[in-house]
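*Asks:* One structure coming up, written as structure tokens, with questions to follow.
The values are calculated or read from the model by the stated rules, or taken from the named source; none is laboratory data. Predicted model only: the values in this text are computed from it and were never measured. Glycine gets a Cβ as well: all are built from the backbone with ideal geometry, and neighbour counts include every protein chain shown. Note: accessible area is taken over every heavy atom of the protein model, side chains too, but ligands, DNA and RNA are not part of it. Shrake-Rupley method; radii C 1.70, N 1.55, O 1.52, S 1.80 Å.
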Amino acid sequence: MTKFEITRKSRNIHIIDCIGKSKDFLLISDVHWDNPHCDRALLKNHLDEAVKRDALIVINGDLFCCMQGKADPRRGKSDIRPEHNNNKYIDSIINTAVEWFKPYANNIVLIGYGNHETGVLKNAETDIIERFVEKLNTVANSNVYAGGYGGTLHINLSESETQRSYSFVTHYYHGAGGGGPVTRGVISDQRMLAMSENYDLIWQGHVHELYHHINPVHRYDRLSKNISIRHVHQLRTATYKGEWDEGYIGFHVERGRPPKPLGGYWMTLNIRRDNKNDYNRYVDAEFLTCTRYY
């Protein structure tokens with residue numbers, strides 16, 4: 001089991017220090033846990049696998065759907081689960097979610113905000129992520145942090161407590177816009193790349209697509225007068241809400257939207273040696289889609 005410790009540098013910058021040559025992460029977003037269309041069986045399977053692998057779990061917004069409050073203009077009677085259909089709608093979601101996620105609390109390190117959670121803040125004047133994290137930590141004696149709609153996750157990996165650490169830095173951002181039926185969010189990726197610097201991974205969700213690509217970027221070092229190339233990973237995690245429903249009826253279908261992938265990504269970080277110089281080491285990232293049962 002890899003030892004780790006997470007600390008909060010500021011409201012949306014968190015640092016994870018891991019002891020070990022490698023570490024697995026489960027990266028997911030757009031779970032929409034309280035929605036009747038959420039595939040909880042698949043979600044549970046992935047979370048159980050994360051516990052089995054001793055993986056750390058990061059959720060990049062829209063853990064909740066939470067649109068059925070009476071003050072929410074998006075509400076619809078068919079999109080509420082029976083156990084939440086009461087006059088304590090938001091409280092019942094938080095309470096049932098705490099019990100459901102309790103077995104995974106010690107693996108979850110960070111939960112960010114999505115547009116659904118900020119919608120609750122706007123329409124119901126309560127912070128559902130803050131309330132959920134606080135109660136989960138109390139009940140499970142865990143150390144889950146609430147992040148931001150966007151933020152930084154700085155991961156340090158060290159082979160032992162006495163050796164130096166090597167970093168891998170992620171900029172997470174839940175996402176914006178509709179994604180586009182053809183581009184599927186890639187234009188947004190390029191915009192994020194243009195306005196971000198010094199990250200190893202730029203990770204978005206929101207549009208319920210699933211892909212990973214690599215952007216090699218070159219950098220000129222003013223001191224050494226040399227040019228180096230580094231890889232910036234870009235990741236888009238999908239959802240666990242199956243809205244297409246065989247193309248029958250509903251908001252998703254009536255707007256001509258296709259079936260969407262379900263799941264997220266496994267990210268494995270490894271300390272590697274530079275072939276050119278055995279003393280130089282770095283953190284290498286490998287990504288594998290998490291879309292099936294294990």
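*Asks:* Work out the charge dipole of the chain with +1 on the Cβ of Lys and Arg and -1 on the Cβ of Asp and Glu about the Cα centre, then indicate which of V139, W266, L157 is farthest towards its positive end.
*Replies:* Ranked along the dipole, the leading option is L157.
*Asks:* Among residues other than A176 whose Cβ falls under 15 Å from its Cβ, what is the net charge (Lys/Arg +1, Asp/Glu -1)?
*Replies:* Details: positive: R184, R191, R236; negative: D30, D62, E117, D189, E209.
My count for the surroundings of A176 gives -2.
*Asks:* Let me ask another. In debye to the nearest 20, how big a dipole does segment 56-97 give about its Cα centre with +1 on each Lys and Arg Cβ and -1 on each Asp and Glu Cβ?
*Replies:* Values: 6 positive and 5 negative charges, 38 e Å.
Around 180 debye, computed over segment 56-97.
*Asks:* Would you calculate, for the chain, the mean residue ellipticity at 222 nm contributed by helices, counting each DSSP H stretch of 4 or more residues as -39,500 (n - 2.57) and dividing by all residues, to the nearest 500?
*Replies:* Numbers: 6 runs with 64 residues, N = 294.
Theoretical 222 nm ellipticity from helices: -6500 deg cm²/dmol.
*Asks:* Then there is this: For K88, go through the lysines and keep the ones whose alpha-carbon is under 29 Å away, minus same-chain ones fewer than eight residues off.
*Replies:* Excluding near neighbours in sequence, the set is K44, K70, K77, K102, K122, K135, K241.
*Asks:* Scanning the chain for helices, which whole DSSP H stretches are 30 Å or more long along the axis (Cα) and average -1.0 or more by Kyte-Doolittle? Please report the intermediate quantities before stating the final value.
*Replies:* Working: long enough: none.
Going by DSSP H runs, there are no hits.
*Asks:* Report in % the part of the accessible area of segment 181-263 that belongs to carbon and sulfur, leaving out ligands and nucleic acids; probe 1.4 Å. Mind dumping the intermediate values first?
*Replies:* Working: 2840 of 5270 Å².
The nonpolar share, carbon plus sulfur, comes to 54 percent.
*Asks:* Calculate the length of the line joining the C-alpha centroid of segment 210-252 to that of segment 131-155, in whole Å.
*Replies:* If we compute the Cα centre of each part, the gap is 24 Å.
*Asks:* In addition: Can you give the accessible area per residue of segment 102-224, in Å², using a 1.4 Å probe? Can you show the working numbers first?
*Replies:* Values: 6250 Å² over 123 residues.
Value returned for segment 102-224: 51 Å² of accessible area per residue.
*Asks:* On a full-extension model of 0.36 nm per residue, what is the gain between N137 and R281, subtracting their alpha-carbon distance, rounded to one decimal in nm? Walk me through the intermediate numbers first.
*Replies:* Working: separation 144, 0.36 × 144 = 51.84 nm, distance 3.59 nm.
In short, 48.3 nm is gained.
*Asks:* Now for a separate question. Work out the length of the dipole vector of segment 205-282 about its Cα centre, built from +1 on the beta-carbon of each Lys and Arg and -1 on the beta-carbon of each Asp and Glu, and round it to the nearest 20 debye. Can you show the working numbers first?
*Replies:* On the way: 13 positive and 8 negative charges, 133 e Å.
For this selection, approximately 640 debye.
*Asks:* I'd like the accessible area for T7: 1.4 Å probe, protein heavy atoms, all chains in place, Å² to the nearest 10.
*Replies:* 50 Å²
*Asks:* Sticking with this structure for a sec: Whenever you get a sec, line up I202, I80 from highest to lowest accessible area (probe 1.4 Å, protein heavy atoms).
*Replies:* On the way: I202 5, I80 35 Å².
Descending accessible area places them as I80, I202.
*Asks:* Can you compute 3J(HN,Hα) from phi for each residue in segment 31-36, using the Karplus curve 6.51 cos²θ - 1.76 cosθ + 1.60 with θ = phi - 60°, rounded to whole Hz and x for Gly and Pro?
*Replies:* 5, 6, 4, 8, 7, x
*Asks:* Nothing charged except the Cβ atoms of Lys and Arg (+1) and of Asp and Glu (-1): what's the magnitude of the dipole of the chain about its Cα centre? Round to the nearest 20 debye.
*Replies:* On the way: 37 positive and 35 negative charges, 107 e Å.
My answer is approximately 520 debye.
*Asks:* Which is farthest toward the positive dipole end of the chain among V120, G185, A41, measuring Cα position about the Cα centre, with Cβ charges +1 (Lys, Arg) and -1 (Asp, Glu)?
*Replies:* Farthest along the dipole direction, towards plus: G185.
*Asks:* OK, next. How much of the accessible area of segment 1-114, probe 1.4 Å, is carbon plus sulfur, in whole percent?
*Replies:* Working: 2480 of 5070 Å².
Accessible surface attributable to carbon and sulfur in segment 1-114 totals 49 percent.
*Asks:* While we're looking at this one, here's another question. Loop-only trypsin sites (Lys or Arg not before Pro) in segment 1-103, please: DSSP not H, G, I, E or B, and at most 12 other Cβ atoms within 10 Å. Present the calculation step by step, with values, prior to reporting the outcome.
*Replies:* On the way: sites: K3, R8, K9, R11, K21, K23, R40, K44, K52, R53, K70, R74, R75, K77, K88; in loops: R11, K21, K70, R74, R75, K88.
The qualifying sites are R11, K70, K88.
*Asks:* L269: accessible area at probe 1.4 Å, nearest 10 Å²?
*Replies:* Its heavy atoms expose roughly 0 Å² to the probe.
*Asks:* Still on this model: Counting only the heavy atoms of the protein chains, how much of M195 is accessible to a 1.4 Å probe, in Å² to the nearest 10?
*Replies:* About 140 Å², rounded to the nearest 10.
*Asks:* Take Y172, Y199, Y89 and sort them by solvent-accessible surface of the protein heavy atoms, 1.4 Å probe, largest at the top.
*Replies:* Working: Y172 5, Y199 50, Y89 25 Å².
Ranked list, largest accessible area first: Y199, Y89, Y172.
*Asks:* For W244, what is the net charge nearby, where nearby means another residue's Cβ is under 9 Å from its Cβ and Lys, Arg count +1, Asp, Glu -1?
*Replies:* Working: positive: R257, K260; negative: E243, D245, E246.
Local charge sum for W244: -1.
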